[in-house]
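The values are calculated or read from the model by the stated rules, or taken from the named source; none is laboratory data. As the structure is a prediction and not an experimental result, all values here were calculated from the model. Because the Cβ atoms are built from the backbone with ideal geometry, glycine has one as well, and the counts that use them run over all protein chains shown.
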Number of protein chains: 2
Amino acid sequence: MFEAVLRDVVESTEGAVASLVMDLDGIPLDSYSRPDAPFDIKAVGVEFGVVIKSIAQAAQMLSAGNAQEVTIVADSLVTLIRLLSPRYFIALTLRPGGNAGRGRYLLRTRAPELLEELS
Amino acid sequence: MFEAVLRDVVESTEGAVASLVMDLDGIPLDSYSRPDAPFDIKAVGVEFGVVIKSIAQAAQMLSAGNAQEVTIVADSLVTLIRLLSPRYFIALTLRPGGNAGRGRYLLRTRAPELLEELS
């Protein structure tokens, strides 16, 4: 059901390879991968999903409000994550050097559509 | 001993409020805060330090190499983190709307100096 948005976000971001919507317990709702994606987007979601939960709790502990967005840059993988609600997030993976600014912009502007589907 | 770099990074980034060098077990080596900093940078380091450790492990699990950089955007706090080594990181906190791009650039370019001090 999220397929159109997930594909759009990947295909409109230079260097992007995959995207998914997942809940914070690691259950994927939908995902989209380019055929040449070097990482399994569901594995990325599961690994970093656990971390997102901790980040959301840490932000609350610090009275910094809700966590909105997390960017993780590793040697061979850039992961952009946007919290859609306290329960769901969207992740977009890029190759190093991909256009992370554009990716973040698209996740932010397309989030309301996804959120509508989720409610 | 890291004081000059920590202060420079804060004072040269629009919207930045504090910075610190910490090890991944949450022990701060040095920190710098503007007098009006709305959050205790050591508390931020401790809360997000735990998360950084998990992120580094997750990146390894995914065969994505070493984690280099993490950005966390919450409602009232933006935190930029750069891994200096498998043991230490530098964190920079900004108000929402601060110049995160400039902050990331400074953390990246000043990291070698800090790393030299650490070795």
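Here are some notes:
- Residue check for A:R82: of a type in the set (D, E, K, R), outside any helix (DSSP H, G or I) and either closer than 25 Å to B:R108 by Cα or modelled with pLDDT of 95 or more (or both): yes
- Residue list for region A:19-48, filter: part of a helix (DSSP H, G or I) and either on the phi > 0 side of the Ramachandran plot or out of contact with any helix residue (DSSP H, G or I) (no Cβ under 7 Å at 6 or more places or on another chain) (or both): A:I41, A:K42, A:A43, A:V44, A:G45, A:V46
- Once region A:39-49 is narrowed to residues that are facing chain B (nearest Cβ under 7 Å) and either in contact (Cβ under 8 Å) with a residue 12 or more places away in the chain or of a type in the set (S, T, Y) (or both), the residue that is nearest to A:A18 (Cα to Cα) is A:F39.
- Selected residue (criterion: farthest from the other protein chains (Cβ to nearest Cβ)) from residues of region B:59-75 that are out of contact with any strand residue (DSSP E or B) (no Cβ under 8 Å at 6 or more places or on another chain) and of a type outside the set (S, T, Y): B:Q60
- Filter result for A:T79 (of a type in the set (S, T, N, Q), touching a strand residue (DSSP E or B) at 6+ places or on another chain (Cβ under 6 Å) and within 30 Å of B:A37 (Cβ to Cβ)): yes
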